1. Filter the stretch A:125-138 down to residues that are within 28 Å of A:LYS40 (Cβ to Cβ) and more than 18 Å from the chain's Cα centre (by Cα) and give me whichever is most open to solvent (accessible area, probe 1.4 Å).
2. Would you please list the contacts, defined by Cβ atoms under 8 Å and residues six or more apart or on different chains, that run from a residue in the stretch A:210-235 that is more than 19 Å from A:GLY39 (Cβ to Cβ) and modelled with pLDDT under 85 to a residue that is assigned to a helix (DSSP H, G or I) and open to solvent by 100 Å² or more (accessible area, probe 1.4 Å)?
3. Out of the helices (runs of 4 or more DSSP H) lying entirely within the stretch B:1-112, which hold 2 or more residues that are modelled with pLDDT of 95 or more?
4. Return the total of residues in the stretch A:13-52 being part of a loop (DSSP other than H, G, I, E, B) and either in contact (Cβ under 8 Å) with a residue 40 or more places away in the chain or under 13 Å from the mean Cα position of the chain (by Cα) (or both).
5. Is there a residue in the stretch B:164-184 that is more than 14 Å from every other protein chain (Cβ to nearest Cβ) and open to solvent by 30 Å² or more (accessible area, probe 1.4 Å)?
6. Tell me which residues, restricted to the stretch B:165-188, are over 22 Å from the mean Cα position of the chain (by Cα), among the charged types (D, E, K, R) and either at pLDDT 95 or above or closer than 12 Å to B:ARG30 by Cα (or both).
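The values are calculated or read from the model by the stated rules, or taken from the named source; none is laboratory data. Quantities reported herein were computed from a predicted structural model and do not represent experimental measurements. Using ideal geometry, Cβ is built from the backbone for each residue, glycine included, and neighbour counts are taken over all protein chains shown. When the accessible area is computed, the model is the full protein with side chains, heavy atoms only, and any ligands, DNA or RNA have been set aside. Shrake-Rupley method; radii C 1.70, N 1.55, O 1.52, S 1.80 Å.
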Amino acid sequence: MLEARALAGGYRKADVIADIDLRLDAGESVALLGPNGAGKSTVLAALTATLPRRSGAILFNGRDVSAEPGHKLVAAGLALVPEGRQIFAPFTVRDNLRLGAIALPRAHRVADRFDYVFTLFPRLAERASQRAGTMSGGEQQMLAIGRALMSAPRLLLLDEPFLGLAPMIVEEILATLARLRADGLTTLIVEQKLEIALACATRAYVMVNGRVIRHAPCAELAAGGDLQDIYFSAN
Amino acid sequence: MEDFLELLVSATASGCVYGLLALAYLVIIRPTSIINFAVGEWAASGAFVGVAVLSTLVWPALEWPWWSALLIVAAFGALVGYGTELLCVRPLVARGAPELSAILVLLGVLVIFREGNTLLFGASPLPSPAPFGFRRMLIGPFPGVSQQFLIIGATFGVFLSAWLFFERTVWGRAFEAVALNRKAAALMGIDLRMVGALAFAAGGAIAAVAGLLVSPLTSAHFLMGLPLATQGFTALVIGGIGRVEGALLGGLILAFVEQFGARWLPVPSGMTLAFPFVLLIGFLLFRPTGLLRAPETRV
Ligand SMILES: Nc1ncnc2c1ncn2[C@@H]1O[C@H](COP(=O)(O)OP(=O)(O)OP(=O)(O)O)[C@@H](O)[C@H]1O
Ligand SMILES: [Mg+2]
């Protein structure tokens, strides 16, 4: 589904990430782990073509999309739930979702996407006319995920979607992600906690200082002990 | 009373022209954060192109020559805006240059258009025909020149369409989304470059149409651009860049202060030219967000 080879790049002169090789098969769910500042969000920016400077090859659905602009990737089925949600706060929930479907391929109907997302998150349906910025953190995260799903993605990238959420909401969103996987969606989720990665991914890449230092099934990582030890062993 | 009503119509018409210029600034600023002072010269170019089309080309086959000129001028303005974005703004944005560099380059564009207008159309004012002539007429109790009523009606139409576009269409929402949060908008699959180009095209079209609309009253001349640019900018500062309606409100307030102030305030007539600047400085100092704020502050 997605393959990145020798991905490198950054914001200014110096590279933030280098030598990143990633591979996701269709239907898989994979985690990207690493401490603050490791470059996880930068990898997602490189994959979605929003990083100012990058090199390397990206294949999506067997097609080389290395030179493709970001908006075409969305239409091709790649969606990102960005770090910090980045919802359009003054807009209503409905308008936020509608914008998520702006690049929806012609084969889909916007109304069907609304139905799908509202079934997944009934809370968004109840609050469709509410201003997005006035919702709770958990609801805003649901909106950010729902908005990304409006473009009918085949691969969903999520950047620390559980950050700052209460355990109950985390459970709720984990259950939703499980349902999405059951529907055949491929997911790449950026996380800092191993136990959450265990709950929503089978394999994990571990990043430190802009490089992937380890790649293993989540269970194997968990058996190996603390993530901190793995990070430390890299130095 | 008669005098007052006549002044009211004339101030409203001027305010509409300022409002259109402010709108031309606004549609460009919202998604791109770039202030384009060239809109004043684009308005002048619109007036000149309109006059040229109306005076040199005779179309006996066309029943509505003035209205076809209006369409041609709008298309011309859109093309100018689109081309300017493509040639002068996009290369800067692509290199990650700050907005200020684009604003400076657009000042260069302003000079090019002013000199171009002078070279092509000369330095003496050209009379511009009005579609309904220059008849004085009464609409209800309001006395005025037909062109003034045309300006008011056309401005209302332009603002209504702009408002409907921004508030009621997906693409209007997309423009707003770009204004709120460029990165998130890009993640939706919105093509930021296309939004930038369309914003400049819309700004160019609105400015050129404003120039054509006002030219029968002022005639088309090479110095008309600068006052339009400053008055439009002042109107924008008064109304705020948050909402489309603000541009019209700002234009009307500016024109009312100018015209009623000149009539009734005990200041020497030359001093009235300073009114826009007094308002501009006052608003920048005491209410930099303008009168109408965006529904919520920017992200
Ligand atoms: N917009 C930016 N401009 C310049 N440097 C940036 C920018 N965003 C991130 N960086 C730098 O790139 C490096 C990696 O940041 P990144 O956000 O990818 O880390 P991360 O793994 O996502 O961390 P976190 O878990 O805290 O989100 C950091 O050193 C950061 O300072
Ligand atoms: Mg991050």
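1. First, pick out the residues of the stretch A:125-138 that are within 28 Å of A:LYS40 (Cβ to Cβ): A:132-133, A:135-138.
Restricting the remaining residues to those that are more than 18 Å from the chain's Cα centre (by Cα) gives A:132-133, A:135-136.
Values: A:ALA132: 0, A:GLY133: 34, A:MET135: 13, A:SER136: 56 Å².
Among those that are within 28 Å of A:LYS40 (Cβ to Cβ) and more than 18 Å from the chain's Cα centre (by Cα), it is A:SER136.
2. A:ALA222/A:GLU195
3. It comes to B:2-32, B:39-56, B:65-84.
4. Keep residues of the stretch A:13-52 that are part of a loop (DSSP other than H, G, I, E, B), which gives A:13-16, A:25-28, A:34-39, A:48-52.
Next, from what is left, pick out any that are either in contact (Cβ under 8 Å) with a residue 40 or more places away in the chain or under 13 Å from the mean Cα position of the chain (by Cα) (or both): A:15-16, A:25-28, A:34-36, A:38-39, A:48, A:51-52.
Total meeting the criteria: 14.
5. Filtering the stretch B:164-184 down to residues more than 14 Å from every other protein chain (Cβ to nearest Cβ) leaves B:164-165.
Next cut, open to solvent by 30 Å² or more (accessible area, probe 1.4 Å) only: B:164-165.
Yes, the stretch B:164-184 contains a residue that is more than 14 Å from every other protein chain (Cβ to nearest Cβ) and open to solvent by 30 Å² or more (accessible area, probe 1.4 Å).
6. Residue satisfying the conditions is B:ARG182 alone.
Rundown of residues vs (1) within 14 Å of chain B (Cβ to nearest Cβ); (2) within 13 Å of ligand 1 (Cβ to nearest atom), yes/no style:
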site: A:ASP25; (1), (2): no, no
site: A:ASN36; (1), (2): no, yes
site: A:LYS40; (1), (2): no, yes
site: A:ALA57; (1), (2): no, no
site: A:GLU68; (1), (2): yes, no
site: A:PRO82; (1), (2): yes, yes
site: A:VAL93; (1), (2): yes, no
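Residue by residue, here is whether (1) open to solvent by 30 Å² or more (accessible area, probe 1.4 Å); (2) part of a helix (DSSP H, G or I); (3) within 14 Å of chain B (Cβ to nearest Cβ) holds:
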residue: A:ARG98; (1), (2), (3): yes, yes, yes
residue: A:PHE118; (1), (2), (3): yes, yes, no
residue: A:ARG123; (1), (2), (3): yes, yes, no
residue: A:ILE145; (1), (2), (3): no, yes, yes
residue: A:LEU157; (1), (2), (3): no, no, yes
residue: A:GLY164; (1), (2), (3): yes, no, no
residue: A:VAL170; (1), (2), (3): no, yes, no
